[in-house]
1. Only one of these is touching a helix residue (DSSP H, G or I) at 6+ places or on another chain (Cβ under 9 Å) and part of a helix (DSSP H, G or I): ALA33, ALA45. Name it.
2. Assuming LYS28 fulfils every condition listed in (1) within 16 Å of the chain's Cα centre (by Cα); (2) surrounded by fewer than 11 Cβ atoms within 10 Å (Cβ to Cβ); (3) of a type in the set (Lys, Arg) apart from one, which condition is it?
3. Pairs only if they're at least six apart or on different chains, beta carbon under 8 angstrom, first in the range 22-43 and over 27 Å from ILE54 (Cβ atoms), second in a loop (DSSP other than H, G, I, E, B); list them, first residue then second.
Amino acid sequence: MPVLIFLIGYLPFFLAAYWIYDMESVRKQAITAGAILSFDAAMLAIFGGILGWI
């Protein structure tokens, strides 16, 4: 169903992008984007490297 693909797949990305773009300082933007990147890297290491799912 295309509505679910939009709500689950695209909407969180666009909301985070708007939220980060509207932050007051570049430092806060970098910290938030770095936190998201770190979370993604940790999940890739866990699910890909340790569990072998990827």
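Values in this text are rule-based calculations from the coordinates and carry no lab data. Values in this document were obtained by computation on a predicted structure and should not be read as measured data. Glycine gets a Cβ as well: all are built from the backbone with ideal geometry, and neighbour counts include every protein chain shown.
1. ALA33
2. It is condition (2) that LYS28 fails.
3. GLN29/MET23
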